[in-house]
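Student: A single structure is presented below for examination.
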Amino acid sequence: MRKNKRQRQFSLANTRAEKVILALIFQQSVTACPTDTVTNSTERGQSRSRQAMKVVPCFVEQTRGFLDRMNSAARIERASSQPHRLTLTFALLLVLHPMSVIAALERVSDFALLDAQGEFHQLSRYKHRDALVLQTYDPVCSTSEEIQRFASVQAAFSEANISFGLLDTSGATRAELSALSGSLPKALPLLQDGPRLVANLLGAGKVGEVFVLNPDRLNLFYRGNSGDALTDVLKTLSTSPPADTLVTEASGCALAVSRSAKTPDYETDIAPIIKDKCTECHRRGGVGPFAMDSYIMLLGWSPMIREVILNKRMPPAQVDPEYGYSKMARYLTDEEIETLVAWIDARAPRGNGKKDPLEIHAAQLAATNEFEWQLGEPDRIVVGPSNAIPSTGVMDYLYEDVALDFDGDRWLRAIETRPGDESVLHHLMVFVTAPNEDFWGEERELPVVSRRFVEGYAPGPHRLIEFDEGTGVLIPQGHKLSLQFHYVTNGQSTVDTTELGLYFAESGESIVERRALAVGARFELPAEVADFPLTAETEIENDIIVTGVRARMSYRGKKMRFVSVAPDGGERILFSVPAYNYGWQPHYVFDEPVAIAAGSRLRVEGALDNSLSNPTNPDSSRVVAWGLESWEEMFTGYFTYYEPEAVSDSSANSADD
């Protein structure tokens, strides 16, 4: 029988005396943790559950030190064959001492924010640092003296393994923050906390309040002013970090982080957000690990939902909303995030509505034939290989070539992907390749190359992609389709046989070829580096229209921006992926294509993260060579484009041939 955490703690106690000590610790955990005020019998059951969740962390924290000492004493006993009564007596005295001497750091939730420059900051992505130090900021209330004092602390510890920043609490827009950051010390990035969720999460009460956060254990070393107490804590972080959260009095303006008194309503406020932004993947048979198909399911998963929203793991494939727009990206507005978090923090009430919108939506999805070809029967259906997917484990990418038996060339105007099992197909990329090429084609030899990219598939509503009017992908006679599959396991073994529906241009149609420009860098990635900057660019000889972009790195990818530089030197950020995720690599098709003049340069700029802070990094101690395989590392940005003046005739390549 599997043991729970408390049972595992007791299994380490081999003598009756040790068990007595652990029992006393547990009893003091019950009495020490703050309790809820219960006003009626209806709340009593809920209160007991909440109290149990508080007691367990207290018990674990208090027993950790005792067990360490007990194990050390056991080693001494085995060496000397003498009972360790002295150790047990000391431990018993420690337990019987008032609870105030048993230290515990305040816990904090993981969170992520963008700063005024669009850089991504996640607390748990600072594990390679001893601490992240934040000071709450408001342009109206924060004084120059206060900011300079905090900057002086940063300067004093510039050589230490500590990061610093400012947390905006004014609700300012990105443009306003960008303007404000120009007058602030460059060493203090200004983090945007629009709905002030992070300030609320930290329990901030004053402008100018400082928080010293432990990224490794997600707890709080210090809260208070930027005086000597802060300096003393920072001096000892690397050698003897505090065992209890140190609190001093901050003296800034009062910070109001309260929310609306009205709790969001499940039926009218919450369910519509979940339906529009989540259920495409989180439904029965979808690629999401659980279905959001009822209030009960949402309630059960609400702590996890809150966590992944605050640290921006979900929605997946997030981008910086300040640059460009693509339906392939998943966006949640600040208002939607605040609504969801406020509802969960209010214990996710059901409300008075009689109908469950998520149950109704789930029933509608179940009754719909999702795989009807949206443009009617395709001109050609290409059947992919039958790939066996195990029930568990992490699968590397699979590569397959599919031969085409066309007589003559073909112009492709649209493609629709029909997954064989969409619960496991995470993404699919399709290129047109020559007979002697593999999936990567000339990218194996050249850092910059123009290729025939068909399209990519990722979970979501965009299985059908129609190319811009008058454009298409040329499939020369004798060429083939090269496919890259990425699968995820879900506890059940299955077989995926994906189909591609191809739609060809009509005979006699004037058409412009749509291609992808791969712009990449060559490098060797050092070990234990959290931010390894990279840049690659190429000059454009003719006028082009950029229709989309895609970032491609492997496990150590961190961020990538797509930039155009005009002949006069003016720069424009077309799109930005500030928190790259190897598991999500969609092709971001722009809602509005961008014209690029001849003589301009297209640039990709970003970084790799080969540190322990990168949650997908297999081994931060290894130097990684450039390469196209998943165990290597690459840095390539793809610009999908066409030349508006390069018109071809499709008269010999119609769908009727």
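The values are calculated or read from the model by the stated rules, or taken from the named source; none is laboratory data. These numbers come from a predicted model, not from an experiment. Don't worry about glycine lacking a Cβ; one is built from the backbone with ideal geometry, like all the others, and counts go over all protein chains shown.
Student: Among (1) modelled with pLDDT of 90 or more; (2) in contact with a Lys or Arg (Cβ under 8 Å, 6 or more places away or on another chain); (3) assigned to a loop (DSSP other than H, G, I, E, B), where does residue 318 come up short?
Tutor: With respect to (1) modelled with pLDDT of 90 or more; (2) in contact with a Lys or Arg (Cβ under 8 Å, 6 or more places away or on another chain); (3) assigned to a loop (DSSP other than H, G, I, E, B), residue 318 is out only on (1).
Student: On to the next question. May I ask you to verify whether residue 628 is farther than 22 Å from residue 528 by Cβ, touching a residue at least 60 places away in the same chain (Cβ under 8 Å) and in a loop (DSSP other than H, G, I, E, B)? Break it down into steps so the answer makes sense when it comes.
Tutor: Numbers: farther than 22 Å from residue 528 by Cβ: yes; touching a residue at least 60 places away in the same chain (Cβ under 8 Å): yes; in a loop (DSSP other than H, G, I, E, B): yes.
The answer is yes for residue 628.
Student: State whether one or more residues within segment 282-297 are modelled with pLDDT of 95 or more, touching a helix residue (DSSP H, G or I) at 6+ places or on another chain (Cβ under 7 Å) and closer than 23 Å to residue 112 by Cα.
Tutor: no
Student: Inspect segment 495-504 for any residue being more than 30 Å from residue 414 (Cβ to Cβ), modelled with pLDDT of 95 or more and of a type outside the set (S, T, N, Q) and give the result as yes or no. So that I can check it myself, show each step before the final result.
Tutor: Here is the first cut: in segment 495-504, the residues more than 30 Å from residue 414 (Cβ to Cβ) are none.
Within segment 495-504, not a single residue is more than 30 Å from residue 414 (Cβ to Cβ), modelled with pLDDT of 95 or more and of a type outside the set (S, T, N, Q).
Student: Also, I was wondering about something else. When segment 537-565 is examined, which residues are found to be more than 23 Å from residue 326 (Cα to Cα) and of a type outside the set (Asp, Glu)? Even if it seems obvious, please write down each step before you answer.
Tutor: Taking segment 537-565 and keeping what is more than 23 Å from residue 326 (Cα to Cα), we get 538-542, 555-556.
If the condition is that a residue be more than 23 Å from residue 326 (Cα to Cα) and of a type outside the set (Asp, Glu), then 538, 540, 542, 555, 556 are the ones that fit.
Student: Of everything in segment 468-491 that's assigned to a loop (DSSP other than H, G, I, E, B) and under 29 Å from the mean Cα position of the chain (by Cα), which residue is farthest from residue 646 (Cα to Cα)? Full working, then the answer.
Tutor: To start, the set of residues in segment 468-491 that are assigned to a loop (DSSP other than H, G, I, E, B) comprises 468-470, 476-479, 488-491.
Then drop every residue that is not under 29 Å from the mean Cα position of the chain (by Cα), which leaves 488-491.
Working: 488: 41, 489: 44, 490: 46, 491: 50 Å.
Of everything passing the filter in segment 468-491, 491 is farthest from residue 646 (Cα to Cα).
Student: Can you name the residue in segment 583-601 that is touching a strand residue (DSSP E or B) at 6+ places or on another chain (Cβ under 9 Å) and of a type in the set (D, E, K, R) and is also surrounded by the most Cβ atoms within 10 Å (Cβ to Cβ) among such residues?
Tutor: So, considering only residues that are touching a strand residue (DSSP E or B) at 6+ places or on another chain (Cβ under 9 Å) and of a type in the set (D, E, K, R), the one surrounded by the most Cβ atoms within 10 Å (Cβ to Cβ) is 601.
Student: I've got another one for you. Given the residues 276, 269, which is the only one that is on the phi < 0 side of the Ramachandran plot, among the acidic types (Asp, Glu), within 23 Å of the chain's Cα centre (by Cα) and not in a loop (DSSP other than H, G, I, E, B)?
Tutor: On the way: 269 fails: within 23 Å of the chain's Cα centre (by Cα).
Checking each option against the conditions leaves just 276.
Let's see how each residue does on (1) exposed (fewer than 13 other Cβ atoms within 10 Å of the Cβ); (2) hydrophobic (A, V, I, L, M, F, W, C):
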residue	(1), (2)
568	yes, no
576	no, no
581	no, no
603	no, no
621	yes, no
628	no, yes
641	no, no
645	yes, no
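Student: For residue 572, indicate whether it is out of contact with any Gly (no Cβ under 8 Å at 6 or more places or on another chain) and either buried (at least 17 other Cβ atoms within 10 Å of the Cβ) or in a strand (DSSP E or B) (or both).
Tutor: Judged against the criteria, residue 572 is a match.
Student: Between 612, 602, which is assigned to a strand (DSSP E or B) and out of contact with any helix residue (DSSP H, G or I) (no Cβ under 8 Å at 6 or more places or on another chain)?
Tutor: Details: 612 fails: assigned to a strand (DSSP E or B).
The match here is 602.
For (1) part of a loop (DSSP other than H, G, I, E, B); (2) within 32 Å of the chain's Cα centre (by Cα); (3) modelled with pLDDT under 95, each residue gets a yes or a no:
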| site | (1), (2), (3) |
| --- | --- |
| 388 | no, yes, no |
| 407 | yes, no, yes |
| 429 | no, yes, no |
| 446 | yes, yes, no |
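Residue-by-condition table, conditions (1) touching a residue at least 60 places away in the same chain (Cβ under 8 Å); (2) closer than 10 Å to residue 556 by Cα; (3) of a type in the set (D, E, K, R):
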| position | (1), (2), (3) |
| --- | --- |
| 598 | no, no, no |
| 605 | yes, no, yes |
| 608 | yes, yes, no |
| 616 | yes, yes, no |
| 619 | no, yes, yes |
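Student: Which ones in segment 409-422 are within 19 Å of residue 372 (Cβ to Cβ) and modelled with pLDDT of 90 or more? I'd like the intermediate steps shown before the answer.
Tutor: Restricting attention to segment 409-422, the residues satisfying the condition of being within 19 Å of residue 372 (Cβ to Cβ) are 414-422.
Selection gives 414, 415, 416, 417, 418, 419, 420, 421.
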